[in-house]
Amino acid sequence: RTEPLPESEVEKLSSETPSIFYTYILDAANEFPGIEGSMQIAHDLATKEDSKTQKMREELLVIMSPMPNPDAHAKNVEYINIYNVPGSSVDPYSKQNREPWGLQSDGNVWGIDINRDFTWFVTPETRKMAKISVEWQPQTMLDLHCCPPIFFMTPTGPPDHPMWPESNREWSNRSVDIAQQEFGERGFSMSSGMD
């Protein structure tokens, strides 16, 4: 079928089809909270019995790539373990917390920063994640980073792709408002290119 679906069919499909949410952690090198956070999200979604979580399980398909960059993660864990002495984890001047520049990158086993590979898709990691995105067409994607208390929300504002309907901008603005309210209450600042 090449012509657009009638609005009634679109509404029916929307009401019967779960929303798709894709979360991943690209900066797995020295940004450990993203990995920990994804494990907590998975555990909470699987085990919590409150009404909000149950509704999410019923109406949301969650796809997770909790560690698409295991190489960078492994090299940083090894470095931290080498210099892990009592008290070092809280000492900002300890060797454990001042890893050399090469370890601070998100390079995979070939030294390619997969967090910067969403233009060329050189790495198998980003190619796989792109394939997941194309196959599942998630409405929302979340790349977990850490450590400053800032919440970045995209897609950004104009110019939009001409294919996007105006309702996309309205939905994005509403999402930003909700995120700003929720994260603002927890002391996070908000950065977004939306109107």
- By average C-beta atoms within 10 angstrom, highest first, the peptides 32-45, 84-97: 32-45, 84-97
- Give the Rg/Rh ratio for segment 8-64, taking Rg as the radius of gyration of the Cα atoms and Rh as the Kirkwood radius, to two decimals. 1.11
- Residue order for LEU13, LEU5, LEU144 - accessible surface, 1.4 angstrom probe, largest first: LEU13, LEU5, LEU144
- For an R0 of 35 angstrom, estimate the FRET efficiency from the Cβ-Cβ distance between ILE178 and THR17 and round to the nearest 0.05. 0.95
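The values are calculated or read from the model by the stated rules, or taken from the named source; none is laboratory data. As the structure is a computational prediction, the values presented were derived from the model and not from experiment. When we count neighbours, we look across all protein chains shown, and the Cβ atoms used for this are built from the backbone with ideal geometry, even at glycine. Ligands, DNA and RNA are stripped out before the accessible areas are found, and what is left, the full protein with its side chains, is counted by its heavy atoms. Shrake-Rupley method; radii C 1.70, N 1.55, O 1.52, S 1.80 Å.
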